[in-house]
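The values are calculated or read from the model by the stated rules, or taken from the named source; none is laboratory data. On a predicted model such as this, the values are computed, not experimentally measured, just so you know. Virtual Cβ from ideal backbone geometry, glycine too; neighbours counted across all protein chains shown.
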Amino acid sequence: MSLYYRWKNFEEEEDRPDKPRRFGVTEIRTPHYTIPTQNVLEDIFESMGHFVDGVKLAGGSHSLISKSVIKDMIEMAHKHDVYVSTGDWAEHLFRGGPSAFKQYIEDCKQVGFDTIELNVGSLEVPEETLLRYVRLIKSAGLKVKPLFAVKFNKSDIPTGRDRAFGAYVVPAPRSNEFVEDVDLLIRRAERCLEAGADMIMIDADDVCKQADSVRTDIIAKVIGRLGIEKTMFEASNARTSEWFVKCYGPKVNLFVDHSQVMDLECLRGRNLGKNHASVLGSSYFPF
C-alpha cells in the first residue's frame, strides 16, 4: 500500500486501491475564480494528487487557452496518473455541423484529453444522435462521459418554513412526471453505456441540497440500475459528499471542487471524523 495511506488505517473491507481506480473515483473541477494555469494545477497535484483520479477543465475554459498550454497542463496531470476531461463545451460546436464536432474530437485527442463530456440536457438531440456521438468519440480512442441532470418539481421540495406546533399545513400535490423523467434518464444512460460510454455523470443538485428529506430513493434507483462503478455524482458541497459516503460507502464516485479533496478523502477513510465538520475542525495528523 502506498506511503500516503499508512496513517489512515482504513478498515480492511474499505481499503482504497491505488490508481487507476475503478471505484471510489474522485474527479475535481479546475478553480472557478482562478485561471487554470500549470502552476495552480501543479500545486494541487503535488499536495493531494494521490487522492485525485481526474480533473475537468470547468466549462469551456480550455477553449480560451492556447493548445500548447493545454497540452503542458495535461502532460503534468498524466505524470500524476490523473486523467483530464473536457467540460461543457461540445454542445456549442453542433451549430457548425458534424464536421465541426469531428474536428473537436480530433483536437481533443491531439492535445491529450482522455475524456470528452457530453451534457445531454444542453445537447437537446434525439437519443439515436446522442448514441452516435458516443460511438464517434469511442472510435477516436477517447473515453466518453454523458452528463444527465435530475431535476425536482417545486412541489417535491419541502418549503422549510416555520410553523406553530400542531398547526396544519396543506401538503403540496406531488407529480408523477418527475419519476417518469428519472426512468427515462436511466434508460437513456443504460443505452449510452451499451454504446460504449465509460461513466455516467449525474448532476443531482436538487437531490443533494435536500439530501436528508427529499426523494433519496431516486439516487438508490440510479445506482441500482446503472451500478456504482459506472455512476459518478456531482457533490456541490461538503455536506453532500458526507451524505454520499455515509449512504454508499467509500466506493462511490464523486465529482467535487478541488478545495474538498482532503475532506472527502478523510470521509472515505472514516478516520479523522464522522462528518465534514469534525474533519475540518480536526488538528490531529498522526504521522
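A few notes on this one:
- Filter pass, Val256 being of a type outside the set (S, T, N, Q), within 14 Å of Arg21 (Cβ to Cβ) and either in contact with a Leu (Cβ under 6 Å, 6 or more places away or on another chain) or at pLDDT 85 or above (or both): no
- Residue match in the stretch 203-219 (condition: in contact with an Asp or Glu (Cβ under 7 Å, 6 or more places away or on another chain), at pLDDT 85 or above and either in a helix (DSSP H, G or I) or not basic (Lys, Arg) (or both)): yes
Let's see how each residue does on (1) among the aliphatic types (A, V, I, L, M); (2) assigned to a loop (DSSP other than H, G, I, E, B); (3) at pLDDT 90 or above:
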{"site": "Phe101", "(1), (2), (3)": "no, no, no"}
{"site": "Ile105", "(1), (2), (3)": "yes, no, yes"}
{"site": "Glu117", "(1), (2), (3)": "no, no, yes"}
{"site": "Ser122", "(1), (2), (3)": "no, no, no"}
{"site": "Leu130", "(1), (2), (3)": "yes, no, yes"}
{"site": "Lys145", "(1), (2), (3)": "no, no, yes"}
{"site": "Thr159", "(1), (2), (3)": "no, yes, no"}
{"site": "Asp162", "(1), (2), (3)": "no, yes, no"}
{"site": "Val170", "(1), (2), (3)": "yes, yes, no"}
